[in-house]
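Presented below is the structure to which this report refers.
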Amino acid sequence: MKTLFTFLFFPFFVFCQTVAERQKIANSYNQTEIANLMKSYEAFSIVQQKRIDEYKKLHPFVESEKMSLQRIEDDGTPIFYTTFNAGSSRTIGTNKMYPGGTLGLNITGEGMIAGVWDGGKVRDTHQEFTGGKIALSDASATLSSHGTHVTGTIMASGFSPLRKGIAYGAQAKTYDWSSDYNEMLAFGSAGYLVSNHSYGYIASSLSDSKFGQYDTSSIQIDNASNANPYYQICVAAGNDRDDFAIAQVGNKAGYDLLTGFATSKNSLVVAAVNEVLNYANESSVVMSSFSNFGPTDDGRIKPDIAAKGVGVSSCISSGDASYASYQGTSMAAPAITGMVLMLQKHFNNLNQSDFMRASTVRGLICHSAKEAGLNPGPDYEFGWGLANAELAANIITNRNVSSVLEENTLNGSQTFTKQISISSVQKLSATICWTDPNGQTNVTGDTDNRTPRLKNNLDLKILKDGNVYYPWKLNVDDPTSAAINTEENDVDNVEKVEIPNAEPGIYTIQVTHKGSLTGGSQVFSLIANATNGLSLNTRDFDKDNSIFIYPNPASSILNFIVKNNITISTITINDISGKEIYKSGNAINNSIDVSNLSSGVYFVTFKSDTSSVTKKFIKE
């Protein structure tokens with residue numbers, strides 16, 4: 001089912017969830033659904049084991065990290081796994097979160113726990129893992145330098161300072177890749193937040209149709225993600241782009257190489273780039289020679305994010321003081337796994353026992369990325385760009401003050417709106433991300449099927465004065481072309497709108513959906529920020545109780561009650577596009593005549609000399 005990759009090492013972060021915090025998350029899950037998924041997979045595994053045994057009788061080979069038979073497809077195709085093999089923290093900016101870092105956060109990942117699945121046993125006696133940092137969580141007996149290196153990249157303690165892990169204060173529960181799916185379900189259902197998977201299919205053994213395909217492994221990731229909404233799965237993109245013995249590499253010029261886990265909708269798929277010590281602009285980020293490019297067959301933006309994957313030095317399994325420098329997307333993925341732990345710990349520090357849903361941390365990482373690649377916006381090479389822990393951490397710090405980071409539920413036929421404002425010309429960005437239900441697998445042998453695998457099709461727009469700003473999207477049939485933002489995106493479950501030179505004023509973030517929603521509703525995460533900060537405290541119209549409006553919906557007269565002795569100086573009404581359609585310096589008897597308005601959603605803003613409150617109402 002999967003293929004192993006080799007990755008680089010990072011110095012910092014991962015650990016600090018209490019048992020009570022994990023239990024709180026676990027109690028929010030449908031444990032019956034998780035048990036049913038496990039039972040279904042056990043039946044699947046019995047059938048698969050029979051197929052594998054028969055295959056091995058006819059095709060003898062030696063099992064290893066480089067070649068491990070994991071599944072036989074219905075058409076008889078064998079699926080083999082293989083591994084994908086202190087500048088990491090600087091490259092993605094997590095060093096700024098450390099004690100002494102410029103953000104003043106003093107975060108090491110202490111108290112957090114990562115799951116690590118890989119090709120074998122991690123050397124838990126290594127000097128980087130002393131003090132009980134590693135919990136060997138299955139019966140694997142064969143030591144793995146790859147697995148040890150990956151785990152060290154996430155959370156090595158820094159006994160060797162140059163090999164310190166990204167979340168160096170964290171711990172890890174480690175497993176080999178046998179029975180990984182059911183182990184992942186159990187791990188997620190226990191309330192843990194993130195796991196790393198630096199392995200995947202052996203590309204040279206695949207038919208062309210398997211590349212980019214949404215398949216059994218993709219569905220497993222999406223099922224596990226939906227059953228455990230706080231659990232983020234991080235996946236290596238793979239290392240096949242420089243292997244010209246693989247026909248797909250030449251046929252697609254390095255594009256359309258993602259497989260298995262990496263074509264799922266709810267994973268964080270990580271590309272490998274060179275070290276970036278001083279980011280100046282997009283040209284500072286240099287793609288590795290091997291990192292696999294997207295797209296998925298339906299054109300989704302994958303990989304999601306990029307991190308250092310070249311020349312990563314970390315611990316290995318040959319001795320308790322042994323280290324080596326590896327490269328691969330296997331080295332890039334654990335950097336992002338560590339980053340997830342660091343960001344979750346920062347959020348938890350500011351919000352008592354709460355953590356972010358996976359859709360929130362995934363959306364935040366994509367939203368905050370530094371530009372990379374030849375053109376503005378995302379691409380099928382770097383994804384959303386170079387991971388940027390500094391901006392992501394600042395968005396968390398300024399949540400509900402000058403940035404938006406929230407989790408909402410969109411019900412069927414509902415329109416969600418939120419107003420924000422800026423006071424000067426600056427870049428304005430908003431992102432939505434949701435954990436989408438599993439889609440339908442491709443038919444075996446079906447090559448480049450463009451049918452969207454998206455189940456719940458949410459749509460993000462930003463509106464102002466009659467202008468509509470759309471999210472980025474890519475062209476699956478021309479993967480080298482620049483992203484566009486002139487129409488809706490109907491394939492991705494991460495959507496981002498960027499306005500590079502937004503004029504001062506009030507903007508409306510709008511989220512709607514097409515078709516029906518599986519289950520009748522969809523939880524989504526919303527992230528928004530501006531270069532110089534947003535104005536939110538006067539725009540959170542659904543939560544401000546200083547002014548009450550009624551009736552709502554209104555047919556002809558909208559009444560209002562003002563509390564706290566506030567003197568209203570101006571009343572304005574804007575339509576759903578942000579266009580001002582009514583303005584008055586006073587209102588007789590605290591009422592507004594709305595009889596001339598067309599049916600729809602509107603925003604009424606009450607301004608005083610010192611504040612402003614906006615309320616949403618519906619005109620019947």
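The values are calculated or read from the model by the stated rules, or taken from the named source; none is laboratory data. Here the structure is a predicted model, which is why all the values come from computation and not from measurement. Quick reminder, even Gly has a Cβ in these numbers, built from the backbone with ideal geometry, and neighbours come from all protein chains shown. Calculation scope for accessible area: heavy atoms of the full protein, side chains included, ligands and nucleic acids excluded. Shrake-Rupley method; radii C 1.70, N 1.55, O 1.52, S 1.80 Å.
Here is how the numbers come out for the structure above:
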| quantity | calculated |
| --- | --- |
| Cβ-Cβ under 7 Å pairs, at least 6 apart or on other chains, the stretch 233-244 side in a loop (DSSP other than H, G, I, E, B), far side aromatic (Phe, Trp, Tyr) | Gly238/Phe5; Gly238/Phe84; Asn239/Phe5; Asn239/Phe84; Asn239/Phe290; Arg241/Phe290; Arg241/Phe293; Asp242/Phe290 |
| Cβ-Cβ under 6 Å pairs, at least 6 apart or on other chains, the stretch 524-537 side at positive phi and part of a loop (DSSP other than H, G, I, E, B), far side of a type in the set (S, T, N, Q) and crowded, with 16+ Cβ neighbours inside 10 Å | Gly533/Ser402 |
| Long-range neighbours under 7 Å by Cβ, at least six apart or interchain, first residue farther than 18 Å from Asn586 by Cα and part of a strand (DSSP E or B) within the stretch 547-560, second open to solvent by 40 Å² or more (accessible area, probe 1.4 Å) and of a type outside the set (Lys, Arg) | Ala554/Glu620 |
| Cross-chain or 6+ apart pairs with Cβ under 6 Å, the stretch 588-613 first and within 21 Å of Lys464 (Cα to Cα), then open to solvent by less than 30 Å² (accessible area, probe 1.4 Å) and outside any strand (DSSP E or B) | Val613/Ser546 |
| Subset of the stretch 14-54 [acidic (Asp, Glu) and under 30 Å from Phe347 (Cβ atoms)] | Glu21, Glu33 |
| When residues of the stretch 570-613 are limited to those that are of a type in the set (D, E, K, R) and under 21 Å from Ser555 (Cβ atoms), the one modelled with the lowest pLDDT | Asp575 |
| Residue selected from the stretch 193-209 under the condition surrounded by fewer than 23 Cβ atoms within 10 Å (Cβ to Cβ) and among the hydroxyl-bearing types (Ser, Thr, Tyr), by the criterion nearest to Gly299 (Cα to Cα) | Ser209 |
| Cross-chain or 6+ apart pairs with Cβ under 8 Å, the stretch 398-427 first and open to solvent by 60 Å² or more (accessible area, probe 1.4 Å) and small (Gly, Ala, Ser), then at pLDDT below 90 and part of a strand (DSSP E or B) | Ser423/Ser535 |
| Top-ranked residue of the stretch 417-448 - restricted to ones that are out of contact with any Ser or Thr (no Cβ under 7 Å at 6 or more places or on another chain) and at pLDDT 95 or above, ranked as nearest to Asn228 (Cα to Cα) | Asp436 |
| Output for the stretch 275-293, where each listed residue is in a loop (DSSP other than H, G, I, E, B) and surrounded by fewer than 16 Cβ atoms within 10 Å (Cβ to Cβ) | Leu277, Asn278, Ala280, Asn281, Val286, Ser289 |
| Among the residues listed as Glu406, Glu390, Glu381, the single one being in a strand (DSSP E or B), modelled with pLDDT of 95 or more and of a type in the set (D, E, K, R) | Glu406 |
| Members of the stretch 76-104 found to be at pLDDT below 80 and farther than 27 Å from Asn274 by Cβ, listed by number | Phe80 |
| Subset of the stretch 210-220 that is in a helix (DSSP H, G or I) and either of a type outside the set (Ser, Thr, Tyr) or open to solvent by 10 Å² or more (accessible area, probe 1.4 Å) (or both) - its residue that is nearest to Pro437 (Cα to Cα) | Ile219 |
| The stretch 54-85, residues that are surrounded by fewer than 24 Cβ atoms within 10 Å (Cβ to Cβ), in contact with a Ser or Thr (Cβ under 8 Å, 6 or more places away or on another chain) and assigned to a loop (DSSP other than H, G, I, E, B) | Glu65, Lys66, Glu73, Asp74, Asp75, Thr77 |
| Asn106, sole failed condition from (1) surrounded by fewer than 21 Cβ atoms within 10 Å (Cβ to Cβ); (2) polar (S, T, N, Q); (3) within 20 Å of the chain's Cα centre (by Cα) | (3) |
| Members of the stretch 86-99 that are open to solvent by 10 Å² or more (accessible area, probe 1.4 Å) and touching a Pro at 6+ places or on another chain (Cβ under 6 Å) | Ala86 |
| Test for Thr444: is it of a type in the set (Val, Ile, Thr), touching a helix residue (DSSP H, G or I) at 6+ places or on another chain (Cβ under 8 Å) and open to solvent by 40 Å² or more (accessible area, probe 1.4 Å) | yes |
| Val476 β-branched (Val, Ile, Thr) and either farther than 25 Å from Ile233 by Cα or not in a loop (DSSP other than H, G, I, E, B) (or both) | no |
| Residue list for the stretch 138-163, filter: within 26 Å of the chain's Cα centre (by Cα) and under 13 Å from Tyr175 (Cβ atoms) | Gly147, Val150, Thr151 |
| Test: residue in the stretch 144-163 that is modelled with pLDDT under 95, crowded, with 23+ Cβ neighbours inside 10 Å and either of a type in the set (Phe, Trp, Tyr) or within 25 Å of Lys345 (Cα to Cα) (or both) | yes |
| Flag if Asp298 is assigned to a helix (DSSP H, G or I) and either within 25 Å of Ala389 (Cβ to Cβ) or touching a Lys or Arg at 6+ places or on another chain (Cβ under 7 Å) (or both) | no |
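Here's the yes/no breakdown for (1) of a type in the set (D, E, K, R); (2) modelled with pLDDT of 95 or more; (3) surrounded by fewer than 13 Cβ atoms within 10 Å (Cβ to Cβ):
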site: Thr508; (1), (2), (3): no, no, no
site: Val511; (1), (2), (3): no, yes, no
site: Asn529; (1), (2), (3): no, yes, no
site: Leu536; (1), (2), (3): no, no, no
site: Asp540; (1), (2), (3): yes, no, no
site: Asp544; (1), (2), (3): yes, no, no
site: Ile549; (1), (2), (3): no, no, no
site: Ile557; (1), (2), (3): no, no, no
site: Ile568; (1), (2), (3): no, no, no
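Residue by residue, here is whether (1) surrounded by fewer than 21 Cβ atoms within 10 Å (Cβ to Cβ); (2) over 14 Å from the mean Cα position of the chain (by Cα) holds:
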position	(1), (2)
Arg300	no, no
Val312	no, yes
Ala321	yes, yes
Ser325	yes, yes
Gln352	yes, yes
Met356	no, no
Ser359	no, no
Leu364	no, no
Gly373	no, yes
